[in-house]
Structures are given as C-alpha cells and as structure tokens.
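Since the structure comes first, as structure tokens, the remarks are kept for the end.
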Amino acid sequence: MTWRATVLTLFPEMFPGPLGLSLAGRALARGDWSLEARDIRAHAADRHRTVDDTPFGGGAGMVMRPDVVDAALDACGDGRPAVYLTPRGRLLTQAMVRRFAAGPGVVLLCGRYEGVDQRVIEARGLTEISIGDYVLSGGEPAALVLLDACVRLLPGVMGAAASAEEESFAAGLLEYPHYTRPAEWQGRRVPDVLLSGHHAEVAAWRAAEAARVTRERRPDLWQAHLTAMQGTAIADPAVTP
Ligand code: 9D3
C-alpha cells in the first residue's frame, strides 16, 4: 500500500520541488509514496476566487477563510492525519515523523498570510506543527521538510542505512566528525587514531567527540542523554561533566 501525501496550498507549483529529486524522487517514481498538491483556491466559492479576508478585531494582514479551507479538506477526506503547518504549532520531532511514516500518509495544510481561521482548525481536529523558531513566508517549505523526513523512513526507501541512522539519532547525541582521503589536506591532518586501525580506540574517540559536540552545541540533548543514561551500564563517567 502506497504512503499518500496530499498538500493543500495556494502554490501547488512548489511541489514536488526537491522531493522530485534524489532519494525521495526515486521513491516517488517507484510508487513507494504518492504526492498530490492541490490548489486551495479551487475551493473558493466566489467569482474572484477569494480565499482570505480581514481579521475580526482588526490588525495587520489577512486570514484564510474557514469555509474555503474546510472545502479543500473535504475534497481529500479520509483516515489520514491532517496537519496544519504553522509557527504556532508544536515543534516537529523525529518521534512525530516516525508516527506519520508508520501510518497511511498525511494531509498537509499550508498556511499563507497571517494564518487560518481558528474555527476550522478546531472543527477538523488539525494537528498544528512548526518546524522551528524562525519565520518562513508560508507553510510550504515546512511541508517539504516534514515529507522529506517521513519518506526516508518508508520501507525500502533507504534500507538498512536509514534504520541504523534512525537508531543513532534516537540515542540522543549529535554525530562524531567524519574524515576521508587525503590523510593530509591544506596542512590539516586526519586525527591519528582514525588511521591507527585500533577499532576499540576509534570507537572510544568517536563516542567522546559525539559527547563533546553535543555538550557544546546542544545542552538540551546532552541533559536528556544524561538523564536517559542514569543508572544504565552504558553510563560513562569519562564523558560526564
Ligand atoms: C507576525 C506574526 N507572525 C508569526 C511569527 C506571523 C506569521 C509569520 C510567518 C504567520 C505565518 C508565517 C508563515 N510561516 C508558516 O506558515 C510556517 C512556519 C514558520 O514560519 N516557521 C516554522 N515553522 C513553520 S510551519 C509554517
């Protein structure tokens, strides 16, 4: 059964965009997943194809009309979870991605202007998701991000590599740094331990580097990792602050 993505947007030309290339694009061509971008404007009721209006209570910008968005959602109605990409949403996590990828697919509503009328969000039980604390010009890039993260987890899309990487991210640390030939480049040498052939020392060096970079850049992940390791045999006093 094909994993189905439907995107509701005022800019259907933005899709598949980057998802038509590389790994996701090959999986799309194989039929491992399907992508349908639908124009919300097709569901406008008036001659001028109006999709937005001024906010009640005043203020800047425009708001997407609930009746138009509702009709657009009706036109793809089925059991798939319906997600509204919005800066007001819960932050997208790998755990959420895993759940979406394990289901039948998703319906993604991309906002434009100031957003969508709150009543249609509530009436349709939309799950509100943000991809991070920075301002985009619309939900479309966020929809591309969410789909990219899901598609690489679909069976057969990446194979064993994806699951391995998945597990290492789930372990909660950033990755150690990578090196390849030449062993010296512009006066910079690859760390000797990586050329040593001592597999245990390589593994220990990589673990220490992963710990260091996580502690420096992502104290939030580092704290979570320490808590998860509390009282386990994996706890390593050498990397504890
Ligand atoms: C003036 C207040 N703005 C909120 C920060 C209004 C606003 C800005 C940008 C309303 C919508 C948008 C467009 N952004 C998205 O639709 C969006 C988004 C984002 O901007 N950041 C992170 N995740 C997402 S998901 C959808």
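Some points to look at:
- Under 9 Å, Cβ to Cβ, from PHE15 - net charge with Lys/Arg +1 and Asp/Glu -1: -3
- Cα pair distances of the chain binned at 10 Å [whole percent]: 6, 24, 26, 21, 14, 6, 2, 0
- Cα-based Rg / Dmax (Å) for segment 167-235: 14.2, 45
- Taken along the Cα-to-beta-carbon direction at a fixed 7 Å, the label points for VAL202 and ARG90 span 4.0 nm.
- In the chain, the DSSP-assigned H stretches of four residues or longer account for a calculated mean residue ellipticity at 222 nm of -11000 deg cm²/dmol, using -39500 (n - 2.57) per stretch and the full residue count as denominator.
- Counting heavy atoms of the protein chains alone, ASP220 has an accessible area of about 90 Å² for a 1.4 Å probe.
- Rounded to the nearest 10 degrees, the inclination of helix 140-151 to the longest alpha-carbon principal axis of the chain is 50 degrees.
- Of PRO155, PRO177, PRO87, the one that fluctuates the most in a GNM where the chain has Cα springs shorter than 10 Å: PRO177
- Test item: Cα-centred dipole of segment 3-151, Lys/Arg +1 and Asp/Glu -1 on Cβ, debye: 400
- 0 to 90° range, to nearest 10: angle between helix 219-229 axis and the chain longest Cα axis: 70
- Ranked order, THR9, THR50 - accessible area, probe 1.4 Å, largest first: THR50, THR9
The values are calculated or read from the model by the stated rules, or taken from the named source; none is laboratory data. Keep in mind the model is a prediction, meaning the values are calculated, not measured. Note that we place each Cβ from the backbone using ideal geometry, even for glycine, and neighbour counts take in every protein chain shown. SASA here: full protein model, heavy atoms, side chains in, ligands and nucleic acids out. Shrake-Rupley method; radii C 1.70, N 1.55, O 1.52, S 1.80 Å.
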